[in-house]
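Only the coordinates and a few stated rules stand behind these numbers; no lab work does. Everything quoted here is computed from the prediction, not taken from an experiment. Here Cβ is always computed from backbone atoms with ideal geometry, including for glycine, and neighbour counts include all displayed protein chains.
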Amino acid sequence: MLLSLLVEDSNGVGRPVAFGIASRDDRMHVEQFLNFFSENNSMETTEVVVTDKAVAEMNAVQKCWPNCRPLICHFHIMSSLNHFVRSCEFSAEDRKQCSKVRTLVNIIACYSTVVHSYSDYLNPVYTINRFDNRVERTAVR
């Protein structure tokens with residue numbers, strides 16, 4: 001598995017700054033990668049870390065970089081929601097409601113400025129992961 005870290009430069013462009021290869025996509029391997037990076041780079045100005053919806057990554061970020069606010073990537077939120085909706089057998093009326101929910105989630109994901117605690121994000125992520133058949137229920141410490 002390829003691990004990568006990108007930073008956003010002053011022009012808003014993502015720049016790769018670190019790559020790692022791990023035998024597994026679990027919390028321990030992600031933590032080793034993040035710790036190696038932070039031992040060799042200053043994390044003083046890092047405020048936010050965006051991950052996909054993998055609980056292992058979010059837990060590793062929370063443990064290794066507790067002063068950073070973890071966020072879930074907008075693309076992955078919408079992708080999981082769309083996958084879930086497509087996998088369900090809904091009536092025509094239910095599909096209309098699902099479309100409204102997708103729009104609402106998109107608005108919230110794009111424009112939310114409210115800071116939530118890390119744990120507040122976990123329950124929806126567990127649900128999203130369950131529908132994608134990717135469950136790792138690692139406890140937040």
How big is the charge dipole of the range 1-105 about its Cα centre, in debye rounded to the nearest 20, if each Lys and Arg gets +1 on its Cβ and each Asp and Glu gets -1 on its Cβ? 420
Once both labels are modelled 7 Å past Cα along the beta-carbon direction, what's the ALA22-LEU2 spacing in nm? 1.6
Over the range 13-101: Rg over Rh, Cα atoms, Kirkwood Rh: 1.12
